[in-house]
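Comments concern the structure below.
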Amino acid sequence: MPLTDFRFTDNFDPGVSPSWTFWENPTKGMPHEHTVKNGELVLENSRAILGEPNWTNYVARARIYLESVPATGEGVAGFSVRRTRDNPSNPGSFSFYFFILTCSNGHPDAISLGILHHGSTGQTQIGTFEEQRHRLALKEWHNLELEVKGHRLRGYLDGQLVAEATDDRLSQGGLHLDSSSTCVRFDDFSVQLLP
């Protein structure tokens with residue numbers, strides 16, 4: 001999907017742009033959906049995927065509203081960038097940087113910047129570069145922004161820099177909005193390529 005004037009926006013008011021594709025988490029016993037309600041993209045245990053494999057430097061922004069989180073256990077909501085297929089013969093094998101709100105025992109309680117990477121051995125490695133404890137209220141809008149430029153990643157929550165890292169394992173790729181064990185609404189999404 002090419003970006004018009006180096007920018008793509010979607011406020012979901014007329015529905016979902018055909019530029020998005022979706023993946024639903026097949027976890028047994030967990031509801032999953034992707035739909036548009038009241039001009040907002042609703043994800044529950046699913047991902048909304050966007051972009052080209054050759055995107056390198058860009059900033060992604062969205063408003064996010066946690067509708068519900070698990071009463072016990074963990075859930076995540078946010079987005080991932082530089083999403084790259086690791087193994088062409090395995091359609092589900094992707095590496096990416098993530099910037100997510102993590103939830104435990106019924107409350108959003110932290111924001112994390114990290115990487116999910118399939119190394120040369122094929123083993124999945126998940127690493128957190130930085131995690132900040134943030135007690136966020138449910139059913140309130142928050143602004144998330146993640147910038148990737150060169151080896152630098154910067155994550156913002158409600159306009160404040162909350163996580164920063166450098167890493168050179170992933171140099172390009174698209175992005176996805178993510179919901180795992182949560183029901184989350186996204187609105188006013190944008191991605192802009194950087195020089």
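Taken together, the values in this text are just the output of simple stated rules run on the coordinates, not laboratory data. Since this is a predicted model, take the numbers as computed values, not measurements. Using ideal geometry, Cβ is built from the backbone for each residue, glycine included, and neighbour counts are taken over all protein chains shown.
Exposed loop sites are taken as trypsin sites (Lys or Arg not before Pro) in a DSSP loop (any state but H, G, I, E or B) with at most 13 other beta carbon atoms within 10 Å; the longest stretch of the chain without one runs 29-134. Matching the structure-derived semi-axes √(5λ) of the Cα gyration tensor in Å against the labelled list [x] 44, 17, 14; [y] 25, 18, 16; [z] 22, 20, 18 gives the label [z].
Here is the list for segment 113-191: GluC sites (Glu not before Pro) lying in DSSP coil, each with at most 16 other C-beta atoms within 10 angstrom of its C-beta, are Glu140.
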